[in-house]
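Only one structure is covered here, and it is reproduced in the block below.
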Amino acid sequence: MNLSLVVPCYNEEGNVEKFFDLVTEVFEGKLEDYEFVFVNDGSKDDTRKKLKELYNNKNSRNNIQVVSFSRNFGKEAAIYAGLSKVKGDVVCLIDADLQQRPEVVLEMLKVMSKDEDIDCVTAYQEKRKEGTVISAVKSMFYKIINGVSDVEFVNGASDFRLMKRSVVDALLQMTEYHRFSKGMFSYVGFRTEYIPYVVAERESGESKWGVKKLIKYALEGIFAFSTMPLKISMFVGILFALLSVCGFIVSVFLPSATAISTLLVISSLFLVGGVILVFLGIIGEYLSKMYVQGKNRPVYIIKEYLNNEKNI
Ligand code: UDP
Ligand code: MG
């Protein structure tokens, strides 16, 4: 069996060589046939230079591919590009920052080899590293998205996963522009085993996930895998229409209008107007996604591809 490691890299100049060395060391004597598919996602630091050095100097086994994007397209695009280049029968997605240890990859391989029916092994964080607030918000996100979506999202499951060629082929068939891996893995199905893992500290550099990016990511997931928000707008619309009918009926029995009731009328106008705007926004969100998809733009653009045809 040969293994391809897909490694998305964005500003990881301090990590890529350490990552390469650690994987090589851990796999030594345990696994022979494996390759690295590094995807440099338009890094602004010297990641591209470091990857090129790796490719030129440490590629004695011909097991390194380097894809460099023309700009930053995001981790999802990097994963997609990496998957389209892999040559192995089994593929593992792993971060470049050494938070996901190569020892766990060997564990995943062991789990997969136990039963030929297992197509995918996913590592999940038993204990989240972040603070209780972020952790609670993330749990709430999973509750919401599982409530409104047809596919299942597993709380804590990461992108750190091992999968067979058949799963990779299925993912490559999904050519959508707005990619949300967690949903796509569930969507394609296949038998998945989950193993717990502990996230290590980042070796160098910093996480690219600020609060703003996380919120955007969560909304991306909901809009990509559920049309429920569109339906909610209909229900809320009906509810408001019924409420206003009630209001009219009640107003018939009220004494003469006062300043307070005028204020109430104005507030309710604002409320209704606000709700309409919110749902116009929701419709706009889906429309904009269709607009971007309709333009059929590529998910990523490659600036350079280093690939020795002899690898595995
Ligand atoms: N990454 C990427 N493109 C981006 C952001 C991140 O390729 O736009 C890569 C990054 O280099 C790392 C992995 O995705 O290898 C996970 O990113 P990060 O460590 O920032 O996320 P965290 O571990 O904090 O969830
Ligand atoms: Mg990280």
* Look through segment 19-54, keep the residues that are under 19 Å from LEU93 (Cβ atoms) and charged (D, E, K, R), and return whichever of them is surrounded by the most Cβ atoms within 10 Å (Cβ to Cβ). => ASP41
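If I filter segment 105-134 down to residues being within 14 Å of ligand 1 (Cβ to nearest atom) and either in a loop (DSSP other than H, G, I, E, B) or modelled with pLDDT of 80 or more (or both), which single residue comes out as nearest to VAL154 (Cα to Cα)? Working first, answer last.
Restricting attention to segment 105-134, the residues satisfying the condition of being within 14 Å of ligand 1 (Cβ to nearest atom) are 123-125, 128-131, 134.
Retained after the next criterion (residues that are either in a loop (DSSP other than H, G, I, E, B) or modelled with pLDDT of 80 or more (or both)): 123-125, 128-131.
Values: ALA123: 11, TYR124: 9, GLN125: 11, ARG128: 14, LYS129: 17, GLU130: 18, GLY131: 19 Å.
Taking the candidates together, the pick is TYR124.
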* To do: Please indicate, with yes or no, whether at least one residue in segment 239-256 is more than 20 Å from ALA136 (Cα to Cα) and touching a Pro at 6+ places or on another chain (Cβ under 8 Å).
  => no
* Structure fact -> Those helices (runs of 4 or more DSSP H) completely within segment 165-267 that have 1 or more residues that are without any contact (Cβ under 8 Å) to a residue 60 or more places away in the chain, within 20 Å of the chain's Cα centre (by Cα) and surrounded by 13 or more Cβ atoms within 10 Å (Cβ to Cβ) are 165-173, 181-188, 211-225
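Answer with yes or no whether GLN100 is within 16 Å of ligand 1 (Cβ to nearest atom), under 19 Å from the mean Cα position of the chain (by Cα) and either surrounded by 19 or more Cβ atoms within 10 Å (Cβ to Cβ) or within 20 Å of ASP159 (Cα to Cα) (or both). Steps first, please.
Working: within 16 Å of ligand 1 (Cβ to nearest atom): yes; under 19 Å from the mean Cα position of the chain (by Cα): yes; either surrounded by 19 or more Cβ atoms within 10 Å (Cβ to Cβ) or within 20 Å of ASP159 (Cα to Cα) (or both): yes.
It is true that GLN100 is within 16 Å of ligand 1 (Cβ to nearest atom), under 19 Å from the mean Cα position of the chain (by Cα) and either surrounded by 19 or more Cβ atoms within 10 Å (Cβ to Cβ) or within 20 Å of ASP159 (Cα to Cα) (or both).
I'd like to verify a number: residues in segment 215-244 that are in contact with a Phe, Trp or Tyr (Cβ under 9 Å, 6 or more places away or on another chain) and within 16 Å of ligand 1 (Cβ to nearest atom), how many? Steps first, answer last, please.
Within segment 215-244, the subset in contact with a Phe, Trp or Tyr (Cβ under 9 Å, 6 or more places away or on another chain) is 217-218, 220-225, 227, 229-230, 232-234, 236-237.
Then keep just the ones that are within 16 Å of ligand 1 (Cβ to nearest atom); that gives 217-218, 220-221.
Qualifying residue count for the region: 4.
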* Identify all residues within segment 112-128 that are more than 27 Å from ALA224 (Cα to Cα) and loosely packed, with under 15 Cβ neighbours inside 10 Å; write none if there are none. => SER113, LYS114, ASP115, GLU116, ASP117, LYS127
* To do: State which residue is farthest from ligand 2 (Cβ to nearest atom) when the search covers only segment 178-196 and only residues that are hydroxyl-bearing (Ser, Thr, Tyr) and at pLDDT 85 or above.
  => TYR187
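The values are calculated or read from the model by the stated rules, or taken from the named source; none is laboratory data. Note that the structure is a prediction, hence the values are computed from the model and not measured. Positions of Cβ are backbone-derived with ideal geometry, glycine not excepted, and every protein chain shown enters the neighbour counts.
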